[in-house]
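Heads up, the thing below is written out as structure tokens.
The values are calculated or read from the model by the stated rules, or taken from the named source; none is laboratory data. Fair warning: this is a prediction, and the values are worked out from it, not measured in the lab. A quick note on method: Cβ atoms are made from the backbone with ideal geometry, for glycine too, and the neighbour counts reach across all protein chains shown. The accessibility values were calculated without ligands, DNA or RNA, using every heavy atom of the protein model including side chains. Shrake-Rupley method; radii C 1.70, N 1.55, O 1.52, S 1.80 Å.
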Amino acid sequence: MVESHNLESKFIVLLGAPGAGKGTQAEGLSATFSIPHVASGDIFREALEEGTEVGLLAKSYIEKGDLVPDKVTIAMVQKRVAASDCERGAILDGFPRTIEQAEALENALAEDGKSVCVVLYIKVSTETLMARLGGRWICRNCGAVYHSLFDPPKEAGKCDKCGGELYQRSDDTPGVQRKRIDVYLAQTAPLIEHYRSKGLLMDVEGDKSVEEVQHDMQKAIEAYC
Ligand code: AMP
């Protein structure tokens, strides 16, 4: 049972292994509830492209499939959720990934009288995760996600939505993928029990279609936030 209700803001955490569909689902939820999609991985990749200090620091961790140290990640996300466009909430995708990050988020929101209203845990089998990550293509321009087998673009290498160039993430290679799933199991999966014990966790069956998962998530948010 979810206990925390916050009428003014909706801070929603998406939890799930790499490849569970957090990014795809977050885009839809962000549009439906008119709150920003805050993806820590995207913020790191942007910082990397811009060549900032944080980006350069994050690079070696991202390439190996390791987590960027908590101190750096927490400071970065705290700054992002304190921005004015997150006043009414945000869909948090990829953050928190450790218990320390979860506690830092709770404290930062509490300082503003806010809290996480629900944590949606997208459950997907390891086989599905590996298959999904392997064929993933992302639009460099609008961030739309495709899959060479399950959801191919009409024209190879080109985004259906905006015509942008599609690319594959350098950490979607089989070795790094496996590492990211192992890191998830060791460091992030403990958040499932952390949030369940607080009465904030909702399980979502992630092996269904994108539309069905989106529908289930929307219902959960409407019921609990
Ligand atoms: P993602 O796009 O969420 O799969 O993240 C890509 C990579 O960015 C991860 O494998 C980590 O190296 C790094 N990263 C993203 N979010 C976090 C986080 N919350 N804590 C630590 N590292 C992160």
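Is region 190-202 home to any residue that is in contact (Cβ under 8 Å) with a residue 60 or more places away in the chain and at positive phi?
Yes, there is a match, as at least one residue in region 190-202 is in contact (Cβ under 8 Å) with a residue 60 or more places away in the chain and at positive phi.
Filter region 7-31 for residues that are within 16 Å of the ligand (Cβ to nearest atom) and of a type in the set (D, E, K, R); which is nearest to Lys123 (Cα to Cα)?
Lys22
Which one of the conditions (1) surrounded by fewer than 15 Cβ atoms within 10 Å (Cβ to Cβ); (2) under 14 Å from the mean Cα position of the chain (by Cα) does Asp93 fail to meet, given that it meets all the rest?
Just one mismatch for Asp93, condition (1).
Please determine, by comparing only the residues of region 209-218 that are over 17 Å from Gly199 (Cα atoms) and not β-branched (Val, Ile, Thr), which one is least open to solvent (accessible area, probe 1.4 Å). Write out each step before concluding.
So the first thing to find is which residues in region 209-218 are over 17 Å from Gly199 (Cα atoms), and the list is 209-216, 218.
Narrowing the set further to residues that are not β-branched (Val, Ile, Thr) leaves 209, 211-212, 214-216, 218.
Working: Ser209: 46, Glu211: 131, Glu212: 93, Gln214: 26, His215: 101, Asp216: 49, Gln218: 46 Å².
Filtering region 209-218 for residues that are over 17 Å from Gly199 (Cα atoms) and not β-branched (Val, Ile, Thr), the one least open to solvent (accessible area, probe 1.4 Å) comes out as Gln214.
For residues that are among the hydrophobic types (A, V, I, L, M, F, W, C) and open to solvent by less than 40 Å² (accessible area, probe 1.4 Å), scanning just region 49-63, find the one that is farthest from Ile181 (Cα to Cα). Lay out the reasoning, then the answer.
Residues of region 49-63 that are among the hydrophobic types (A, V, I, L, M, F, W, C), as a first pass: 54, 56-58, 62.
So of that shortlist, the ones also open to solvent by less than 40 Å² (accessible area, probe 1.4 Å) come out as 58, 62.
On the way: Ala58: 18, Ile62: 13 Å.
Applying the filter and picking the extreme gives Ala58.
Using beta carbons and a limit of 7 Å, which pairs, at least six apart or on different chains, have the first residue in region 143-164 and among the aliphatic types (A, V, I, L, M) and the second one in a loop (DSSP other than H, G, I, E, B) and open to solvent by 80 Å² or more (accessible area, probe 1.4 Å)?
Ala144/Lys161
Which one of the conditions (1) more than 20 Å from Ala108 (Cα to Cα); (2) in a helix (DSSP H, G or I) does Asp66 fail to meet, given that it meets all the rest?
All conditions pass for Asp66, except number (2).
In region 32-48, which residues are open to solvent by 40 Å² or more (accessible area, probe 1.4 Å), of a type in the set (Gly, Ala, Ser) and either part of a helix (DSSP H, G or I) or within 11 Å of the ligand (Cβ to nearest atom) (or both)?
none
Out of all the residues in region 105-123, which are open to solvent by less than 20 Å² (accessible area, probe 1.4 Å) and either within 16 Å of the ligand (Cβ to nearest atom) or farther than 14 Å from Ile221 by Cβ (or both)? Give the derivation first.
Within region 105-123, the subset open to solvent by less than 20 Å² (accessible area, probe 1.4 Å) is 105, 109, 116-120, 122.
Answer for region 105-123, where residues must be open to solvent by less than 20 Å² (accessible area, probe 1.4 Å) and either within 16 Å of the ligand (Cβ to nearest atom) or farther than 14 Å from Ile221 by Cβ (or both): Leu105, Leu109, Val116, Val119, Leu120, Ile122.
Restricting the search to region 64-82, which residues are more than 7 Å from the ligand (Cβ to nearest atom), buried (at least 19 other Cβ atoms within 10 Å of the Cβ) and under 26 Å from Pro174 (Cβ atoms)?
none
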